[in-house]
Structure formats: structure tokens, C-alpha cells
């Protein structure tokens, strides 16, 4: 499979990968290329911005959440009809979950046989930059570092010394050099970029970034490097399994849960300024399993249509806390649905909405009151990174004893009310969750956790959700 592709990687987080990736994506789309964007890792926010820059949704590729053959097949599936792929890495190139660099951007580059463009913060550095690049090349032989982009350079003399040193001592071409910026053209907060829904000038900001990259980076040469990536070999053996997957058949891993169900069960999912963290593959998996998806909002007074299940993703409910609390009729409606046995699956921000209260900046905001907990926003992260969890309590969504792989990133903590003992369905071998190695509150047909899952990594989830929704519909 011929597939032009490059990975934008860095020495560390904050090196400038995001601004360069966004600028390149916008430039190539402006030129008429059918670019397909990808984000390495589980991050929802960077992926959302990358999708905005490219004019099409970006796909997360995470070697921890997805088995390698599934990840590779997902990449190939998304590339059908595309002219080239831009993949934004995360953290430093070789930074993974352990000393072996497992699940790093470098590992993703090997899985996809993709050339790497290294972004370097060159603040107060000249010839040492060449030593750093040389060390990166030698650290993992076989890693194809095809070019370097310099960031935060001081002046023309600084840029000239950097370029000459790197190219003379490493043979790796310098493909661009960005100056130091007085201000970041992209809005940020504690979890990185703020959501596009909270920033009305997102399109203007992306155009500004594209103009910056176009003025300082050899965009045409970068595209040629992408086009010189080797063909991506794909096994073409039947039957379709996790180990051998046709690129166009990654969805064969999600069979229909109810082959004869008519009409399809209706699963609502909230996508608004409060909750919008969803992997598109999770939504597609529900469709493939037999659900009709109904887009909903918690922020309006619109009456919801009848639904057989509800999916509440993550997001920033704290930024919409006043509106969520003010919409008392919606809070009562969600509580009544939960009390009536509606299957509800909630992740992080969705779980926070189901609690009794949300405490933010010393103010207390009543939420839906489905769960006997209050969540409180803190100044520092309360959970950050990958999760390894064992299902310890029977529930509608995950089989007992299943080992789940997920991730968490939350500044809130979960406070249990005195005299009440929630049923926690997950024991964490890795991760923080709700504290005490616990996560996943189970309340009737509700499952609510800090842990985010990927449907192609946990392939039982979509089918179980659809079957549970069908069972609820049959009892109404």
C-alpha cells in the first residue's frame, strides 16, 4: 500500500510539535491535498485541533490502547481515499511507558514505517544541537530521522550556526527554523490547548499558524519526504482476526450484536461544550454493533427523543458548571432515566455530571445526582497516564475478570459521601482512578469511571452496550 506519511516528533513535550503539525496540515489542505491527520497517543484536544486544521477528523493512534495489528489496520483504513498522512507525536520521540520506550512515538514510527521529522527547541543552543541529533540517530538504529525543524531560534546568525552544525555533523537536513514568538497564537490551559468550542477565533488562529509555518519551513520538501516513505505492507490472509486484518476490514472486529434487530436501538451521546471527548471509533463501533446514534446536549432545554442507552463522554463540565446547574429540568430528566434502568456509560466528565455536586473555584454546583459522590477540581492533576484495570463486579458493559487498558487525565478528585459506599467495579493495577486503586462506579445499569477506553482495544464494549440497550427497550 503506497501511503505518503510523516511523523512530527520532538525531543520533549513543549518542543513545538503541535504548532508545526497544525500549520502543515492547514497549508497542505489549502493546496488541495486530501490530507488525513493522526495524533499519537490518547489526547482528545490536540486531535480535535488537528482535525480542524485539516478539515477532517483526526484519528488517535496509541500502541497501548490498540494491539499493533489493529493500530496498523486502523491507520490503513483511515487512509483509504487520502493522499497523505500527517502524524503528530507526543512527548519526546523515545518516551514511552517504561525504560524500553514501549508505546512511544518511536514505536509508532516503526509500526507504520514512517519517516520522522524532529522538532528541536534551540533556546540558548548552537553546536550542541548537532550532538543531540546525532545521539537521537544512534539511540535506536533503524529509526529514520529524515529532517529537523528548529524552534525558538533567536536571529539569522543563530539559525545559520544551527543549520551548518546539524547538517555538517549528522547529514540530516534542516527543513525550517521558527523564530521565538512573543505570544503563543494558540490558546492554552492546564490540559494543553483549550477546546475549539471555547475559542471562537480557532479558524483565524489556525490560519495565523499556517502563515507562520509557510514563511519559515520548507513545506514542499517535507511533502517529498512523505511521498518517499516505503510502501506499507499489509497482510491479505483470511479469516480476519486480530493478528491478520485487511486494511479495509478493521471493522470486521466489531460484529453486529443484534443481527435481526429492527429498528436499531437508539443510543444517545452528548456532544456539546461540556462533554465532547469521544474517539470517533467508539461511536462507529456502536453503529457497527447495531445502534442508531442520537446527538444530544445537556446545555439546552430541548426535549430529548426516546433513547435506549446513553453515552456520556469526557470534557470540561467545570467550564459549563453554571449552565449545567441552571438546566434543572435536564438534570431531573437524566436522573429519572437512570432510576428507570436506562443503560448509561460515562467517562470522566460524564461521570462528574452524574455525581451529586461539582466543586469548582470554591463554588458548589448541583449535578444530576445519579451517583453518591461529589467531584472537586484541584490545582494539580489527580490522574494522568495509562490505566490497567481488572473488572471485579458484574455489570452490563464489561465481562467479569476482563483486563481493561485505558487512560486518564483529570484534575478532579472523587469524594464519597459519609455513610454511603459506592460499588466500584474496577481494581486498578496501574492508574489513579477514584483513589484506593478503584474506579468504575456501578449503580444499576450505570457504569461511570475516570478511565477512557478505545472500542477497538476493548471490542466487547460496543456489542455489550447495544445488547443491554435492546434489553432495556424490551422492558419499556
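All of the numbers you see were taken from the coordinates with simple rules; none came from a lab. Please read these numbers as outputs of a predicted model, since none were measured by experiment. Here Cβ is always computed from backbone atoms with ideal geometry, including for glycine, and neighbour counts include all displayed protein chains.
For the chain, the share of DSSP beta bridges that are antiparallel, to the nearest 5, is 45%.
Among beta bridges from DSSP that stay inside the stretch 5-227, the antiparallel ones total about 10%. Per-residue extension of 0.36 nm, minus the Cα-Cα distance of residue 417 and residue 97, leaves a gain of 111.8 nm for this segment. Sorting the segments 100-109, 348-357, 83-92 by their mean number of nearby beta carbons within 10 angstrom, highest to lowest, gives 348-357, 83-92, 100-109.
In deg cm²/dmol and to the nearest 500, what is the mean residue ellipticity at 222 nm of the chain if only DSSP H runs of at least 4 residues count, each as -39500 (n - 2.57), divided by the residue total? Before the final figure, lay out the partial values.
Details: 13 runs with 146 residues, N = 476.
-9500 deg cm²/dmol, from helical runs alone.
Suppose a student asked you for the relative contact order of the stretch 5-227, using Cα pairs under 8 Å spaced at least 6 residues apart; what percent would you report?
25 percent.
Helix 68-79 axis versus longest C-alpha principal axis of the chain: approximately 80°, rounded to the nearest ten. Rounded to the nearest 10 degrees, the angle from helix 202-216 to the longest Cα principal axis of the chain is 20 degrees. You can think of it this way: the chain between residue 429 and residue 379 has 15.5 nm of extra reach, that is 0.36 nm per residue less the Cα-Cα gap. How tilted is helix 128-139 with respect to the longest principal axis of the chain? Cα atoms for both, answer in degrees (0 to 90, nearest 10). Approximately 60 degrees, to the nearest 10.
Spin-label model, residue 137 to residue 459: label points 7 Å out along the Cα-to-beta-carbon direction sit 4.1 nm apart.
For an R0 of 35 angstrom, estimate the FRET efficiency from the Cβ-Cβ distance between residue 83 and residue 325 and round to the nearest 0.05. Spell out each step's value before the answer.
Working: r = 47 Å, r/R0 = 1.34.
The value I calculate is 0.15.
Per-residue packing, averaged as other Cβ atoms within 10 Å, sorts the ranges 41-50, 54-63, 213-222, 466-475 into the order 41-50, 54-63, 466-475, 213-222, beginning with the highest. FRET efficiency for the residue 30 to residue 292 pair, using the beta carbon distance and R₀ = 30 Å, is estimated at 0.25.
Each part reduced to its alpha carbon centroid, the stretch 83-131 and the stretch 269-295 end up 31 Å apart. Using alpha-carbon positions, what is the distance between the centroids of the stretch 296-317 and the stretch 367-405, in Å? When both Cα centres are located, 20 Å separates them.
How much of the DSSP bridge set in the stretch 258-475 is antiparallel, in percent, rounded to the nearest 5? Please report the intermediate quantities before stating the final value.
Values: 31 of 50 bridges.
About 60 percent, rounded to the nearest 5.
Note the full-extension length gain between residue 12 and residue 181 as 0.36 nm times their separation in residues minus their Cα-Cα distance, in nm to one decimal.
Between residue 12 and residue 181, full extension yields 59.0 nm more.
Which peptide among 13-24, 413-424, 391-402 comes first, and what is the full order, when sorted by highest mean count of other Cβ atoms within 10 Å? Working shown, then result.
Values: 13-24: 24.0, 413-424: 14.4, 391-402: 16.8.
Taking the mean over residues of other Cβ atoms within 10 Å, the ranking is 13-24, 391-402, 413-424.
Using only C-alpha positions, report the orientation-averaged shadow area of the convex hull of the stretch 258-475, nm², one decimal.
Numbers: hull surface 44.5 nm².
Projected over every direction and averaged, the Cα hull of the stretch 258-475 covers 11.1 nm².
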